[in-house]
Amino acid sequence: MHEFSLVDELLRQVESLRLAHAAHRVVAIHVRIGELAGVEPELFRSAFACLAPAVNLDVTALHVQEIALEAECRACAARFRVERFCFVCPVCECQELTVVQGESVVLESVELERESTGSPPAQDAGRQLVRADP
Amino acid sequence: MTQQTIAVNQDIQAQRRAAAAAFRARMSAHGTLVVHLLSSPGAGKTALLEAAARELGRSHKLAVLVGDIATDRDAERLAPWAPAVQITTGGACHLELLLVEKALEQLGGRDLHFLFVEDVGNLVCPASHDLGEHLRVLLLSTTEGDDKPGKYPKAFRTSQSLVLSKIDLLPHVPFSMAAAIADARRIQPQLAVFPVCALDGRGVAEWCQYLIRQRDQLLTLAGGP
């Protein structure tokens, strides 16, 4: 269940972004979860649903895109989907591969909302999402 | 109200990875090879470390940080052979770098040749956490079945060394070493494989020699002592 600690890390980063951009609310968080990230997307979502209310985030703010594992062959340059975690080039059977996607959890983007252009962020709103480090 | 989309496109573990890389660099500078052990519960991590500590301890300084959910039994077992600090995770299923750094502080200033970090018995979560190790070693015991690699690809993909433990039980269990090694190498072709029996010592010296070579390489790269 390390999904909880990853979501905790995600929320910390999102909060830093919100403060850095003087926004009062986080509308959406877009995350890509790779097939070999070692993260179960459903558990990631449920960890988010569990932790988000504590930082005044709507549980519907999280958008997860699952990313297939793909690699490129260093010998023949073929790019292919790694099926059943078999790291062998289907073209030349070489095992010298570079994984090009699907190994990590990536924070793709964050949608933020500001009260109005040019005005400073409300201090109270600024505090709403501040979380103490565990 | 105005809305703004901030593009980030960054691995959410990037900061942790950077912290792990910094820890690794510090340990390299001290000439300490950090070895992270992963396995299912009961595969024999502590038994392997007891055997390795007896072997390596004659010529090298080593210490063990051992993760467990609830008890300090593993540290007690290791204490006769090497300084050991138990990291009790209180229910957490894996170790994190912060816990390792705190436990290392408890050990005090020691010029170690090897620091072993035994993770909580689990082949899922620990695989996703870089503890600042130079070497990740995965133990697979003959009692677990030779089809484990394909079931836990992340753990095998991120390891450099595979120890096949409890080989004394091979005559009694339906475990094919060849099948297990082939399955593991489909996931990670570079795996260095060591069949070991920690109880009678078979394979332990070979694994320790491998660790010494890995440390020699580290020292060469670091231009160190």
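Name the residues of region A:39-88, by number, that are at least 40 Å² less accessible with every protein chain in place than in the isolated chain; the surface is that of heavy atoms, probe 1.4 Å, without ligands or nucleic acids. Flagged in region A:39-88: A:F85, A:F87.
Extension gain for the segment B:T2 to B:Q190, taken as residue separation times 0.36 nm less the Cα-Cα distance, is 62.5 nm to one decimal.
DSSP bridge analysis restricted to the protein assembly as shown gives an antiparallel fraction near 40%, rounded to the nearest 5.
Short-range pairs are left out: with C-alpha atoms under 8 Å and at least six residues apart, the relative contact order of chain B is 24 percent. Within the assembled protein chains, the solvent-accessible surface assigned to A:S46 is about 60 Å², based on a 1.4 Å probe.
Residues of region A:1-29 whose accessible area (probe 1.4 Å, heavy atoms of protein chains only) drops by at least 20 Å² once all protein chains are present, relative to their chain alone: A:M1, A:H2, A:S5, A:L6, A:E9, A:Q13, A:L17, A:H21. The lysine pair tally for region B:35-153, using Cα distances under 26 Å and a gap of 8 or more places or different chains, is 5. Of the residues B:E133, A:E115, ranked by 1.4 Å probe accessible area with the largest first, the sequence reads A:E115, B:E133.
Residues in the protein assembly as shown average 45 Å² of solvent-accessible surface per residue, probe 1.4 Å, ligands and nucleic acids excluded.
Could you state, as a whole-number percent, how many of the C-alpha pairs of region B:1-122 are farther apart than 21 Å? The answer is 43 percent, as a whole percent.
Assuming R0 = 25 Å, can you tell me the calculated FRET efficiency for the pair A:A20 and A:C50, based on Cβ-Cβ distance, to the nearest 0.05? Given R0 = 25 Å and the Cβ-Cβ separation, E is 0.45.
Ranked from largest to smallest solvent-accessible area, with a 1.4 Å probe on the protein heavy atoms, A:H30, B:H36 come out as A:H30, B:H36. Note on the protein assembly as shown: with neighbouring protein chains present and a 1.4 Å probe, carbon and sulfur make up 51 percent of its accessible heavy-atom surface.
When B and A come together, around 3000 square angstrom of accessible surface is lost from both chains combined, probe 1.4 Å.
Per residue, the protein assembly as shown reaches -10000 deg cm²/dmol at 222 nm when only DSSP H runs of four or more residues are counted, each adding -39500 (n - 2.57). Could you calculate the FRET efficiency of A:R12 with B:R110 from 1/(1 + (r/R0)^6), where r is the beta carbon distance between them and R0 is 35 Å, rounded to 0.05? About 0.60, to the nearest 0.05.
Counting pairs of alpha carbon atoms under 8 Å apart in space and at least six apart in sequence, what relative contact order in percent does region B:1-129 give? Rounded, it is 33 percent for region B:1-129. Pairs of Cα atoms under 8 Å, at least six residues apart: use those to get the relative contact order of chain A, whole percent. Computed over chain A, the figure is 35 percent. Rg over Rh for chain B works out to 1.00, both radii taken from alpha-carbon positions and Rh defined as the Kirkwood radius.
For region A:1-63 and region B:152-225, write down the distance between their C-alpha centroids in whole Å. If we compute the Cα centre of each part, the gap is 37 Å. The calculated FRET efficiency for the pair B:K61 and A:E96, based on their C-beta separation and a Förster distance of 45 Å, comes to about 0.75.
The values are calculated or read from the model by the stated rules, or taken from the named source; none is laboratory data. Bear in mind that the values here come from a model prediction, so they are computed numbers and not experimental data. No Cβ is skipped: glycine too gets one built from the backbone with ideal geometry, and neighbour counts run over all protein chains shown. Accessible surface areas use protein heavy atoms only, side chains included; no ligands, DNA or RNA. Shrake-Rupley method; radii C 1.70, N 1.55, O 1.52, S 1.80 Å.
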